[in-house]
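Read the structure below first, then the notes.
The values are calculated or read from the model by the stated rules, or taken from the named source; none is laboratory data. Since the structure is predicted, the reported quantities are computational estimates derived from the model, not experimental observations. Here the Cβ positions follow ideal geometry from the backbone for every residue, glycine too, while neighbour counts run over all protein chains shown.
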Amino acid sequence: MDAIAFASVSKTFPMNAQRLLARGYLSRFLKRGEKQRFVALRNITFQIPPGQTVGVVGSNGAGKSTLLSLVAGLCPPDEGTVTVHGRVAPLLQLGAGFHPDLTGAENLQLNAALLGFSATKTAESYERIVEFAGIGPFIDQPLRTYSSGMSMRLAFSIAIHVEPDILIIDEVLAVGDQAFQAKCMDKILEFKEQGKTLLFVSHSTGAVQKLCERALWLDHGALLMDGEAAEVAAAYEGGARVKCMP
Amino acid sequence: MWKGDYFFLLRSLILKDFRTRYRNMSLGILWSLVNPLVMMGVMTFVFTKIYPLSASQNYPVFVLCGLVPFNFFSLAWANGTTSIIDNAQLIKRLPVPRETLPISSVLGNAVHLAIQVALLLVAALVLGAGINRYWLWLPLLWACELIFVLGCALLCSALDVYVRDMRYVVESACLVLFWLVPIFYDISRVRPQFADIYQFNPIAALVLALRNIILEGKAPRAILLSKLFFVSFFMLGLGWVVFRRLNRRFYDYL
């Protein structure tokens, strides 16, 4: 059974956010216009077996984040089906759900709850999470006193300790320092060995090649290429260069 | 989708509300006592010394019976309505069950309600209204209000995502309701044909039932209670259905 399966998935967003206002209704009625929608993903099909690490590359607005949102179950697709098996821990943004006025420990508890941890599990894992994040006595300070690297470390540490089957990482790793990045890499490799799935978005083809065995290249909502990470990375870099030429 | 500890999540969200709201205040949660006490004092002064309005012997308790349920209703409704928009970041990034946001917002406010209810009961005892066996009805009445407000919050928080004017609609509605709920005046001043309509407003019904119990020491009429139950549960059902339906498109509109 695949960990993640997309079958002819399309996702569109409403272009004109005002169309629900009274004004929007009126003008639509008068113009009898059709609804304008922005196509973020177009007819995407792929399967990811458990234990695979997959990178997603593409330029801004290619649909990478939309793809991750669909996997995380944040929104339903317009067409096609998205099937996901297992617990998903999405790290889509640095410290989503963190509150600057709460201390690290309080944010830890809140975030663990948001990710679906129980009270006892959170208490059990508390030491390990703090230890891995390596923020020491800062754990009792409000989060606003943290550097962005520190809050990222805390967020990452929580996400990997909630024992997800699928970890989704969107760029956030870039914030940590070298030592922590190395620690993350180790943890991710350990993850891989446990047969868990990783979905990784990055602009850096280097990181994708280092971490992933397979890569997807998205361009303007279409799946342009799906193959071995090194091949896709090379093609993507080549393609990007071609576009830049006059 | 989200398989987790629902109650731990609700508890954590309520705690977050509390901690962020009161961390930097000296009086902290005592503020929820200050507001009704001040209002009680001012209204008692105005409506006994300037415009003698009520036949009630015990005007401070009389007005508190109106203020306590109304305060909770207006605050919890307003906070609940904006809870989805206020947590847009969270909804766009984490697959949490979204109904927990308006629910935790209302439950967080219910803690203030509990404090104010205690104030009301203490005031009733101190000012000589006396305890009676009908007080056993009180938990049920507060439960009804909670259910009603949960319904309102679910409904309006979902609508607020699509129609951002919702929060102003709610604010204005609260202002209007302050006058249309018999908070500082007696329902006996309202003509009978209007009074029947009044009772379909659960907040008004609650105020009337509270006065029956606390001030008059008699059981509220069955018809009044049944209207209160019916409207409260209807509201919760409506809010739940609408929320479930609109929930699917939250991501697109946030």
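Checking the stretch B:69-80 against the condition returns a match, with at least one residue being among the aromatic types (Phe, Trp, Tyr), at pLDDT 90 or above and over 30 Å from A:GLY97 (Cβ atoms). Within the stretch A:226-240, the residues that satisfy the criterion of being farther than 21 Å from A:GLU79 by Cα and not in a helix (DSSP H, G or I) are A:GLY227, A:GLU228. Restricting the stretch A:99-117 to residues that are hydrophobic (A, V, I, L, M, F, W, C) and more than 22 Å from the chain's Cα centre (by Cα) leaves a set whose member that is nearest to the other protein chains (Cβ to nearest Cβ) is A:LEU102.
Among the residues of the stretch B:1-24, which ones are among the aromatic types (Phe, Trp, Tyr) and either in contact (Cβ under 8 Å) with a residue 40 or more places away in the chain or surrounded by 17 or more Cβ atoms within 10 Å (Cβ to Cβ) (or both)? Answer for the stretch B:1-24, where residues must be among the aromatic types (Phe, Trp, Tyr) and either in contact (Cβ under 8 Å) with a residue 40 or more places away in the chain or surrounded by 17 or more Cβ atoms within 10 Å (Cβ to Cβ) (or both): B:TRP2, B:TYR6, B:PHE8, B:PHE18.
Among the residues of the stretch A:72-85, those identified as at the interface with another protein chain (Cβ under 10 Å from one of its Cβ atoms) and in contact (Cβ under 8 Å) with a residue 60 or more places away in the chain are A:ALA72, A:CYS75, A:ASP78, A:VAL84.
Consider the stretch B:2-32 and keep the residues that are facing another protein chain (nearest Cβ under 7 Å) and among the basic types (Lys, Arg). The one that is nearest to B:SER83 (Cα to Cα) is B:LYS16.
Of the residues making up the stretch B:171-199, those that are assigned to a loop (DSSP other than H, G, I, E, B) and either of a type in the set (A, V, I, L, M) or touching a Lys or Arg at 6+ places or on another chain (Cβ under 6 Å) (or both) are B:VAL181, B:ILE183, B:VAL190, B:GLN199. When the stretch B:33-46 is filtered for residues that are farther than 16 Å from B:PHE184 by Cα and either surrounded by 13 or more Cβ atoms within 10 Å (Cβ to Cβ) or within 14 Å of chain A (Cβ to nearest Cβ) (or both), only B:LEU33 remains.
Identify the single condition in (1) under 23 Å from B:VAL46 (Cα atoms); (2) in contact (Cβ under 8 Å) with a residue 24 or more places away in the chain that B:LEU154 does not satisfy, given that it satisfies every other one. Failing condition for B:LEU154: (1).
Looking at the stretch B:157-206, which of its residues are touching a residue at least 40 places away in the same chain (Cβ under 8 Å), within 14 Å of another protein chain (Cβ to nearest Cβ) and of a type in the set (A, V, I, L, M, F, W, C)? Matches in the stretch B:157-206: B:ALA158, B:LEU159, B:VAL161, B:MET166. Every condition in (1) surrounded by fewer than 16 Cβ atoms within 10 Å (Cβ to Cβ); (2) under 30 Å from A:PRO142 (Cα atoms); (3) touching a Phe, Trp or Tyr at 6+ places or on another chain (Cβ under 9 Å) holds for B:LEU30 except the one numbered (3). Among the residues of the stretch B:173-181, none qualifies, meaning not one is at pLDDT below 90, within 30 Å of A:ALA72 (Cα to Cα) and not small (Gly, Ala, Ser). Filter the stretch B:67-110 down to the residues that are within 11 Å of chain A (Cβ to nearest Cβ) and among the polar types (S, T, N, Q) and list them by number. Answer for the stretch B:67-110, where residues must be within 11 Å of chain A (Cβ to nearest Cβ) and among the polar types (S, T, N, Q): B:ASN87, B:GLN89, B:THR100, B:SER104. Restricted to the stretch B:152-170, and to residues there that are in a helix (DSSP H, G or I) and either β-branched (Val, Ile, Thr) or within 11 Å of the chain's Cα centre (by Cα) (or both), the residue that is surrounded by the most Cβ atoms within 10 Å (Cβ to Cβ) is B:ALA153.
Out of curiosity, is B:TRP137 modelled with pLDDT under 90, within 26 Å of B:SER232 (Cβ to Cβ) and away from every other protein chain (no Cβ under 14 Å)? For B:TRP137, the condition - modelled with pLDDT under 90, within 26 Å of B:SER232 (Cβ to Cβ) and away from every other protein chain (no Cβ under 14 Å) - is met. Checking each residue in the stretch A:63-102 for being more than 27 Å from B:LEU246 (Cα to Cα) and modelled with pLDDT under 85 picks out only A:LEU94.
Wholly within the stretch A:64-157, which helices (runs of 4 or more DSSP H) include no fewer than the required count, namely at least 1 residues that are in contact with a Lys or Arg (Cβ under 8 Å, 6 or more places away or on another chain) and under 25 Å from B:THR20 (Cβ atoms)?
A:104-114, A:119-133
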